[in-house]
1. Can you pull out every residue in region 130-145 that is out of contact with any Gly (no Cβ under 9 Å at 6 or more places or on another chain), without any contact (Cβ under 8 Å) to a residue 60 or more places away in the chain and not in a helix (DSSP H, G or I)?
2. Is there any pair linking a residue in region 173-192 that is without any contact (Cβ under 8 Å) to a residue 12 or more places away in the chain to one that is part of a strand (DSSP E or B) and surrounded by 19 or more Cβ atoms within 10 Å (Cβ to Cβ), with Cβ under 6 Å and at least six apart or on different chains, and which?
3. Let me confirm something: among A165, A186, A219, A231, which residue is in contact with a helix residue (DSSP H, G or I) (Cβ under 6 Å, 6 or more places away or on another chain) and of a type in the set (G, A, S)?
4. Scan region 94-108 and tell me whether some residue there is of a type in the set (F, W, Y), part of a loop (DSSP other than H, G, I, E, B) and within 15 Å of A165 (Cβ to Cβ).
5. Which of the residues spanning region 151-184 are closer than 18 Å to R340 by Cβ and of a type in the set (G, A, S)?
6. For region 109-129, enumerate the residues that are surrounded by 17 or more Cβ atoms within 10 Å (Cβ to Cβ) and not in a helix (DSSP H, G or I).
7. Among the residues of region 309-340 satisfying the criterion of being under 20 Å from V199 (Cβ atoms) and surrounded by fewer than 19 Cβ atoms within 10 Å (Cβ to Cβ), which is farthest from the chain's Cα centre (by Cα)?
8. D216 - would you say it is crowded, with 24+ Cβ neighbours inside 10 Å and acidic (D, E)?
Amino acid sequence: MPRSANQPTEVQAIDALLVRGGLQPTRRRLRAQRPPKREGLDEVRPQKAVRVVKSLIHIVRAPAFERVPWVLHGFSTRTGGVSHAYAPGQRAGELNLGFTASDSRENVLENRRRFLEALGAPPNATLVTLKQIHSSVVRRVTRQDAARTVRGDGLLTNEPGVVLAIQTADCIPVLLADTKKKAVAAFHAGWRGTLKRIVENGVGRMRTEFGSRPQDLIAAIGPGIALCCYAVGEEVRSEFVSQFTYAPDLFRELSESDPIREKYPLLFLTARAPGHSNLGPQLHLDLMEANRRQLLDAGLRPESITVIGHCTRCQHNRYFSYRAEQGFTGRLLSVIGMRR
């Protein structure tokens, strides 16, 4: 009897496939079957303990807002939560706070509940989000707006218990609070929204809606993609130059660090003419500084503006980053509201 006859059917099929491909299958040794244990003498083996990794929800806060007792605010990170869509091999869940195609609605709702709890929001707090469209549109909202789709890139409120939320995964979140009139605002500033002066427009709307004075406003620019990692095309610089006198201060020629290219430079040689390859310095945009300058132009005092400065692409193990993860990533929330 050929030795393969004693092999399981699946193994025989694989052996036959190898033979057809000109390969000789190696000899296998079957494990000897253990004799059946006598009834009543089966040993009880303890199951191997499964290590459960507890991951706390970490929230980044601005010190200036912490000194205002009625302001509720925070910038989320990716740690904590129950999502596994973007880290399938990780035991601890992640805090995806956006309704994405790859994560379940139940997970996101639970993540939002946990985030608001960790934030210290009152039990009756209402989270209001936007259908973000990279615009200069700013909406004043109330508790009733949580049940409908609000389109735009800025939110305002002076209603206690309403928590404004901006979703990002590299774009810049900007939070504002009027320390005198008790009103708050949140803005989503990608490069298109920044070009359209979303933050300047937002400060103007606060003046119109609440009578806010710029000198009474405090602001926090949250985690987002920083100058070090935000490579853009020449057309973006042209757009900014046409809109802002300080645009030259926002751009730098930088070379991104690539350990593979540094170790194996010959793999990336091209036949393209000098200056036409993508190996040299690239044009980078400082979106955080662009929005800080808009706040200054809107009348805020320099000492009233906090720039968190964390780069989401550099720290994509801590934050979700669209660029670092080629678009397959979760969403962060930057929130602000009034406790009472």
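1. At the first step, the residues of region 130-145 found to be out of contact with any Gly (no Cβ under 9 Å at 6 or more places or on another chain) are 140-142, 144-145.
If we keep only those that are without any contact (Cβ under 8 Å) to a residue 60 or more places away in the chain as well, we get 141-142, 144-145.
Those that are out of contact with any Gly (no Cβ under 9 Å at 6 or more places or on another chain), without any contact (Cβ under 8 Å) to a residue 60 or more places away in the chain and not in a helix (DSSP H, G or I): V141, T142.
2. Once the first residue is without any contact (Cβ under 8 Å) to a residue 12 or more places away in the chain and sits in region 173-192, no partner that is part of a strand (DSSP E or B) and surrounded by 19 or more Cβ atoms within 10 Å (Cβ to Cβ) comes close enough.
3. A219
4. Taking every residue of region 94-108 in turn, at least one turns out to be of a type in the set (F, W, Y), part of a loop (DSSP other than H, G, I, E, B) and within 15 Å of A165 (Cβ to Cβ).
5. G161, A177, A183, listed by residue number.
6. A121, A125, T126, L127, V128, T129
7. Restricting to residues being under 20 Å from V199 (Cβ atoms) and surrounded by fewer than 19 Cβ atoms within 10 Å (Cβ to Cβ), the top hit is G309.
8. It is false that D216 is crowded, with 24+ Cβ neighbours inside 10 Å and acidic (D, E).
Rule-based calculations on the coordinates, nothing more; no lab input. Note that the structure is predicted; figures quoted are calculated from it, not measured. Glycine also receives a Cβ, built like all others from the backbone with ideal geometry; neighbour counts cover every protein chain displayed.
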